[in-house]
Amino acid sequence: MFNNNLLKKRFNKILISINELIESFFNTIENLLNLKKRNKSNLKKIDKKITIGVSLIVIVVSSYFLIPTFFDKNKVKSLLVTQLKQKYNLEVKFEDNLKYNLFPTPHFSTKNLIIYYNKKDLAISKNVIINISINNFFLLNNLKTKKIFFKKNEFNINSETISFFKQILNSNKNKNEIIFENSNLFYKNKLDEIIFLSKLNKLKFSYNDDNL
């Protein structure tokens, strides 16, 4: 009888130990699952914060580069006319609307721009692109012109206006280029008769430190 009781006690202890081990095992599994859930939740929060941060940066940068879109286009025209005259001794008249474009670089574009010299219409440019500096877009007066492209041009030149090209070359004292692409040059006599026609694929005016 004594032996039977002893065996029962030992057997009960073994059962209790097994139950404790099983319980401990499942508690460990549960803790690991909870930890994984917390880590996953934390990762989601971090990812969400990163997404929000990147989105805010994109919005702020995009908003900055889009500021010139809201400027009064007539005032922009006036500013560009003044800067072209001061920086390049180049006189122009805007005939069409002015558009702002962000790509590939921030620039204003227009069509049918008139170039005049000695108070006479010298050329018409079918497509003009005026690149602008990105340094400060917050105020209209801070806009600065950079490289300028005149495309599909028709020049009406005579003995009195041929010096236009020399004037542009001598006046460009900054490192921003003026480029005429796909131009037709009509040279006329005093009777306004065409003497010859010349095709200019690319004419570039630039300045370097050697004053060449």
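Just so you know, all these numbers are worked out from the coordinates, no wet-lab data involved. Everything quoted here is computed from the prediction, not taken from an experiment. Glycine gets a Cβ as well: all are built from the backbone with ideal geometry, and neighbour counts include every protein chain shown.
Quick rundown of the values:
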item: Over 23 Å (Cα to Cα) - which of 111/146; 87/199; 146/204; 93/119 fall in this group; result: 87/199
item: Residue-span extension gain [residue 196 to residue 141] - 0.36 nm each, minus C-alpha spacing; result: 15.5 nm
item: Angstrom value of the Kirkwood radius, inverse mean 1/r, which spans all Cα pairs in the range 47-95; result: 13.6 Å
item: Estimated FRET transfer efficiency when R0 is 25 angstrom, pair residue 188-residue 81 (beta carbons, to 0.05); result: 0.40
item: D (Stokes-Einstein, µm²/s), Kirkwood Cα radius, the range 121-196, 1.306 mPa s at 10 °C; result: 110 µm²/s
item: Theoretical gain in end-to-end length, residue 97 to residue 55 [0.36 nm per residue, Cα-Cα removed]; result: 11.8 nm
item: √(5λ) per eigenvalue of the Cα gyration tensor, the range 64-188, largest first, Å; result: 26, 15, 13
